[in-house]
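Structure first, commentary second.
The values are calculated or read from the model by the stated rules, or taken from the named source; none is laboratory data. Since this is a predicted model, take the numbers as computed values, not measurements. All Cβ positions, glycine included, derive from the backbone under ideal geometry; neighbour counts span all protein chains shown.
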Amino acid sequence: MQAELAQPAQVPEGFRRLHNNAAANPLREHLVMLDALQLAVRRDIRRTLLRQGANALAELGAARRGDICVIAGNGPSLNSTDWDRLDGLDILASNYAADHPELASRITILSVVNPWVVSQRPEAFEASEMRVALPYYLTYWLTDTSACIPVDAHGGFSPALASDKPFSTRSTVSYFNLQLAFVLGYRRVLLIGFDHRYEQPANAAEGDLLHAGPLDRNHFDSRYFAGKVWQAADVSRMEVAYATADIHYQRNGCSIINCTPESHLHLFPKLGIGQALALEPPAIVEQPAPPSPAARLVQRLRSPCSRIVQLAATLIALPAAAAGAALAGSGVAALLLSIVGFISAFTGVLLLNASVNVHRQQTEDDWAEIFASLRRAKGSAQGFEHHHP
C-alpha cells in the first residue's frame, strides 16, 4: 500500500516554498490540508487505513492494563510529575511528548491531529515501538504507517463514543485523547501536564499560525516548538471540548480527574496522583439492552440522511398525487391515488418535523449541560478570569 501513496517529496516546489514560509501566506493552513486531501480522496486507501485503525483499537482495548489510564498534556508542569506513581498504568500522550526523557518509554499510544505538528517533524511519529493514533489523512506525511492507528475524524465538537464513529479533532489533541480513552474502555482518566495556559499574542485567535521563536515557554521543553510554526490556542473553546467529553464520561459511569498541580483547568475534580489512585475502583455501569427494531427505526429516522430522504419523498409525493388526479380524471383510481399521495406527503412532513425536533432537543440538552458545567468550573476557579465563546 505504501508504494501507492504520494510522499511529501513529490509536493510541487511552489507549495513547498509556501509551506516553508508559512507565516507569509494567508492560505498556508488550507494548502497543508489540501495536500493531505490527496490521500483522503483515494477511497481504497482510506478503507484500508480505517480497517487498520479499527483492528488496532480492538487489539489495544483488549490489551489495556486496567480501567485507569493517564492522559499526558505537554505543559511545563509535566516536569514535576512523580513518575514512580504511574508505574503499571497505560499512558496516552500527544505530539512531541516522546521528547520528554521520563515519559518517552512509558507511552502506550501517541496521538497527533494537527497537520502542522506532523508535517514539521514526521520522524517523531515513526518510532517502530510506538503506536500512533491520528486522523487517517495525516498518514500522508509518514513513510512508515505500520504502527499507526488511523481513524476517521471531523472538526466539530461531537465526540466519538464508539470505535466506528469519527473522532473530533476540535480545539485540542487532548480532546481527541479523551475520546480515544473512552473508546478503548478506560473508566477513569488521570490528567497530568494540563497547565491550561499559553503565552501568545493577546489578539491571536484559535488556529492562527504563530512562530514560536527560539524559546517555547508553553511546553515542558523550551525547544518543543522552538523555531517552528504552531497554532494559537483558545482555552475557552478547549473547555467546551473538555466539558463535552465530561458529560459523556459521567453518563457512562466514567470519570476524569485533573492531577496537574496549579492547573488553570477547573472543570474536573483535582487530586494528587496518589489520591486519585487510592479512590474506589470505577463502578461498572450496566449497559442498556440492545435497542428494539422500533427504536432502531426511530434512530434511522432521526439521522440527517433519513431526514433528507423523508423530505425528498414528500416533495415527490405531492406532485405525483396531483399529476395522478389530473391524468386519470375524476375516476375512483384517481381519487385513491390522490388520497395515497397526500397521506404519504403528510406523513413525511410529520416524520421530518418530529425527527428534527427530537434531534434539536437532544442537542439543546447537551449544550445546556455543557455550559452548566462551564459555569460551575468558573465559580470554583479562585480569581481565574474565564471567557466563554
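Among the residues of segment 72-128, those identified as in a helix (DSSP H, G or I) and over 20 Å from LYS228 (Cβ atoms) are SER77, ASN79, SER80, TRP83, ASP84, ARG85, LEU86, SER105, ARG106.
Of all residue pairs spaced 6 or more apart or on separate chains, those with beta-carbon atoms under 8 Å, a first member in segment 207-219 that is closer than 25 Å to LEU103 by Cα and a second member that is polar (S, T, N, Q) are LEU215/SER222; ASP216/SER222; ASN218/GLN200; HIS219/ASN74. The set of residues in segment 131-152 being part of a loop (DSSP other than H, G, I, E, B) and in contact (Cβ under 8 Å) with a residue 40 or more places away in the chain consists of THR143, ASP144, THR145, ASP152.
Does ASP144 count as more than 20 Å from the chain's Cα centre (by Cα) and either more than 30 Å from GLY272 (Cβ to Cβ) or of a type in the set (Lys, Arg) (or both)? Against the criterion (more than 20 Å from the chain's Cα centre (by Cα) and either more than 30 Å from GLY272 (Cβ to Cβ) or of a type in the set (Lys, Arg) (or both)), ASP144 qualifies.
Within segment 208-218, the set of residues being in contact with a helix residue (DSSP H, G or I) (Cβ under 7 Å, 6 or more places away or on another chain) and closer than 17 Å to ASP234 by Cβ comprises just one member, LEU209.
Within segment 153-194, being part of a helix (DSSP H, G or I), among the aromatic types (Phe, Trp, Tyr) and under 21 Å from ILE273 (Cα atoms) holds for TYR175, PHE182.
Exactly one residue among ALA162, ALA212 is within 27 Å of TRP83 (Cβ to Cβ), surrounded by fewer than 22 Cβ atoms within 10 Å (Cβ to Cβ) and not charged (D, E, K, R), and that residue is ALA212.
Here is a yes/no grid of residues against (1) hydrophobic (A, V, I, L, M, F, W, C); (2) out of contact with any Lys or Arg (no Cβ under 6 Å at 6 or more places or on another chain); (3) in the same structural domain as ARG223 (by TED's automatic domain parsing); (4) surrounded by fewer than 23 Cβ atoms within 10 Å (Cβ to Cβ):
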| position | (1), (2), (3), (4) |
| --- | --- |
| VAL117 | yes, yes, yes, no |
| GLU123 | no, yes, yes, yes |
| GLU126 | no, yes, yes, yes |
| VAL132 | yes, yes, yes, no |
| PHE157 | yes, no, yes, yes |
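The strands (runs of 3 or more DSSP E) located wholly in segment 195-297 that include 1 or more residues which are at pLDDT 95 or above and in the same structural domain as ASN79 (by TED's automatic domain parsing) occupy 255-258.
Regarding segment 34-57, can at least one residue be identified that is within 20 Å of PRO261 (Cα to Cα), at pLDDT 95 or above and buried (at least 16 other Cβ atoms within 10 Å of the Cβ)? The answer is no, given that none of the residues of segment 34-57 is within 20 Å of PRO261 (Cα to Cα), at pLDDT 95 or above and buried (at least 16 other Cβ atoms within 10 Å of the Cβ). When TYR186 is tested against (1) out of contact with any helix residue (DSSP H, G or I) (no Cβ under 7 Å at 6 or more places or on another chain); (2) at pLDDT 95 or above; (3) more than 30 Å from PRO281 (Cβ to Cβ), only condition (3) is not met.
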